Amino acid sequence: MSSVSRGLGKVEVRLRWDPSPWGQPPRHLDIVAATYSVHDLHAHPAYIVHSESRSPDGTINMSRHSETGQGFGFVEVMVLELDRLASSYARVMVGVAIHQDHGLRTFGDISNAGVLIVEGYTELVTDDFERVAGSTAATVAEFTRDGSGGWELHEMLRGFDGNPAVFAAEMGSVLRP
């Protein structure tokens, strides 16, 4: 696990994967963010952001979304404006879920999958999901406020099994070792 101790501001989570081969159902992955209040850091998210939603205050939203993986490079992007997030929130978990609409699919079934987290031009986290190849969803990062109110990043690749809705509800229960 790595930790970035400077205060983070505007962060992007970028996701890529190859489309399905010709004639097969589309492969659909989603970035998911769960925000936790200072009063409930692990059990119940205050709100969840994914392709169909955005945060109530507009600080976390999808700027690019793909349901097929078609396109060049990173085809799905979520923007987290941590420096604008209300002080009543102290933790944000970010993960990736694979839709299971056309039968069970794991990261091992998805070719060229990868995630990149950046702040400006600085790469903070990069991963290819190889360590969670048998999982249908995975957390990739945890953002927490430090004692001065700044945001820290903790890389947190943890695999999950289950559909995207279950994953979104459970992803915050993961505690740092």
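The values are calculated or read from the model by the stated rules, or taken from the named source; none is laboratory data. Keep in mind that this is a model prediction, so the values were computed, not measured. Here the Cβ is made from the backbone with ideal geometry for all residues, glycine too, and neighbour counts use every protein chain on show. Quick note on the areas: whole protein, heavy atoms, side chains included, nothing else; ligands and nucleic acids left out. Shrake-Rupley method; radii C 1.70, N 1.55, O 1.52, S 1.80 Å.
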Checklist entry - With each label point set 7 Å from Cα along the Cα-Cβ vector, what nm distance links SER148 and LEU104? => result 4.8 nm
Checklist entry - Using a Gaussian network model of the chain with C-alpha springs under 10 Å, which one of TYR36, TYR121, TYR47 is most mobile by mean-square fluctuation? => result TYR121
Checklist outcome for this item: Placing one equal point scatterer on each C-alpha of segment 5-88 and summing with Debye, one gets log10 I(q)/I(0) at q = 0.16, 0.21, 0.23 Å⁻¹ equal to -0.69, -0.98, -1.09
Next on the checklist: With 29 Å as the cut-off, how large is the P(r) tail for the chain, expressed as percent of Cα-Cα pairs?
Outcome noted: 14 percent
Checklist entry - Semi-axes of the equivalent ellipsoid of segment 15-55: what are they in whole Å, largest first, if each equals the square root of 5 times a C-alpha gyration tensor eigenvalue? => result 32, 9, 8
Next on the checklist: Expected output is a single nm value to one decimal: the length gained when fully extending between ALA86 and ASP40, i.e. 0.36 nm times separation in residues minus the C-alpha distance. What is it?
Outcome noted: 15.1 nm
Next on the checklist: Averaged across orientations, what area in nm² does the convex hull of the alpha carbons in segment 46-86 project?
Outcome noted: 3.3 nm²
Item to check | Compactness of segment 75-147 - radius of gyration and Dmax, Cα, Å | outcome: 14.5, 45
Item to check | Solvent exposure of segment 1-135 as accessible area per residue, Å², 1.4 Å probe | outcome: 49 Å²
Checklist entry - Once the other residues with Cβ under 14 Å from the Cβ of GLY71 are scored (Lys, Arg +1; Asp, Glu -1), what is the net sum? => result +1
Checklist entry - So, in Å, what gap is there between the alpha-carbon centers of segment 41-68 and segment 105-177? => result 14 Å
Next on the checklist: For the chain, what does the helix formula give at 222 nm: sum of -39500 (n - 2.57) over DSSP H segments with n ≥ 4, over the residue count, nearest 500 deg cm²/dmol?
Outcome noted: -1000 deg cm²/dmol
Checklist entry - For segment 1-92, which whole-number percentage of the solvent-accessible area (1.4 Å probe, protein heavy atoms only) is attributable to carbon and sulfur atoms? => result 51 percent
